[in-house]
Structure formats: structure tokens, C-alpha cells
Amino acid sequence: MSNLSLTQRNVRGTFVLGLLAATVAAAWAGSEMPTGAKSSVVTADAKARLATNSLRFVENAGQWDARGKYLFRTSNLNYWVTGRGLVLDYTGTSKSNPNVAGQAIRVDFVGGNLADVTGVSPKSLLTDYVTEARKVTNVKSFGEVLSKDVYPGVDMRSYIDNAAPRYDLIVAPGVDPSAIKMQFTGANGIAVSANGELTLKTEVGDKKQIGLKAFQQINGKTVPVTVAFAKIANDKVGFRLGKYDKSVALTIDPLIYGSYYGGDDGPDEVHATASDTDGGVYMTGRTRAPKFPAIVGPYGFNLAGEWDAFVTKLQGDAY
């Protein structure tokens, strides 16, 4: 068994079991399903409910490698926040190499600090993780993560925008943003277009950071600042900025983008649903067990993490 997770409170009774499908079927027939529950085919509504509850940063309380402080997941990306920056673990298929299952890219702030990473905007969800090695209970989830002082006077805020992970670099007044240099280790290459958009080359397709913007809040108004990515080495980028008020905080804001956005249902695949007389909705399916990448670059299916089965109950107050 790989792991079992139990999400409590709003989403109660989430069981992630590294078992065979037959075991899941037996659970549906046994005490997990109350008498009178009616099974049905999977619906878009049920999948949307599960996806909505999956939009969160989960803290690492000992259930994963200590380098990954928080994790946000989509169906094709594990977005890890670390003390040094980010790890972007893209999953997918390669057109040129059928043995490739994904590619991990480490994003480090060159010359930066080991940041103080904390969760912000707590969610009303608690999760238990049980593996063969340990049991970790009451793991918290958050709507945002703040990485304090990635450079002196520069914070990184990770958050969720339309189901996509996004990060802000918040530059304090008087701090020089030219110090910000981001190194992408594990990508096949990086490219900056004529209009200043960043593309990461990977075996599972091009991954872009688009919609880059910068702004300041001055006298209650949002004042835009011209900004673009600037390539400064084969694996490093900085930012090219227009004029701005150096006595006021500056926010630099890219969107991490990939072809997986737009109607994805998150990391969980729902195969069947059922309901009970109390308004609860049950779902069963499979999910890819998250694993912090020990190495960066392309990896094969043996490093992609195991598929685990799950049974989830959403109470009526969860949607």
C-alpha cells in the first residue's frame, strides 16, 4: 500500500488507498457505503466538486521529502514551494520518447536566502496521511503561501488564479529588483520571446509563464509598470522594468501556464459516484500519489509515482 489519506471536516472520509480496484469495489459494497445509497455514472458536477476542494496548498508536516514545504496540484503539474524557490513537476507524455512520464524543473533565486515559508488563508480542511513508514495527522491546507525574504526586501507570494498557480514577487520600497535572478535547472532550454514571455522547453511540451505584469498601489490606485522577462544566461532570467516610483512597493506577477489549464478536473480521476439520503455524495476513482522530485529533468514511469485508489465523501455543506 502506498498511502492512505483521510480528509476531515468539509470533505470528510477521503480514503486514498494503494489497493487494487477490486478492493475499492468491496469497500463500495461494505460499510463505507450506507444502506440506501444510489450509484450513478460520474457527472461533471461531481468532478467539479472534487476539483474545487483540491484547489489548495497542502503543508508538508512530514509526509513528504522535507525540501518540499507546500504542494499545489493540478492534473499535469505538481507545484512545490521550497525554501529556495519552486519545483515545477510537469507530467505528461513525450512525442519523441515514449518512456518519459514527466519533467521536473527546479526554480532557484540565484544568490537569494533560505526563505521563511508559511501558509496563509487557512482552508477548513484537515488531512491524515498513513504510509508504511509513518502516520501524519491533521495536515493543514491553505489558499496561499508566503515565502518571506527570498532576497532581502523581496517576498514571494504563491496563490491560485482560476485553478492555475501564480506567484507574485513583492519588492519593498528602495530595494533594487535587478537583484532578482531565477535559475531554471532541469529544463531542456529556456526562451524569451520578443514581447518578453518566458517558455520552458521540456520533453512533455513547452511550458510558458505568460501574462507577466507589474504594478504599484499609489494613493489607492493600481498603477501599471512596464515589465518583461530578460534572459541573462542559458538557464537564468531576470526582469526588464520601465520607470516606477522606487519609494513605493513594486509587485511583479507572472502566471505559470501549460496546456492543461481550461476545464481540467485536478489530479483526481473520478470513475463513479453515488449519493445517500442525507445529501452526501460519494466518489471513487484514482489519483497519482505526489512525490517530491529527488532529481530534476525528464523522468520515466518508474519515478512518476504510483496510482492510488480513493473513496471520497462530500457532505452537503461542502458544496
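Derivation of every value follows stated rules applied to the coordinates shown; laboratory data play no part. All values derive from a computational prediction rather than experimental measurement. Note that each Cβ is placed from the backbone with ideal geometry, even for glycine, and that neighbours are counted across all protein chains shown.
For the reader, a short list of remarks on this structure follows.
- If a spin label sat at a point 7 angstrom from the Cα of Ala66 along the line to its beta carbon, the backbone N atoms of the range 100-138 nearer than 18 Å would be those of 114-118, 133-137.
- Pairwise label distance in nanometres, Asp149 with Lys231, each label 7 Å out on the Cα-Cβ vector: 3.5
- Sorted on the mean count of surrounding Cβ atoms within 10 Å across their residues, most packed first, peptides 120-128, 182-190 read 182-190, 120-128.
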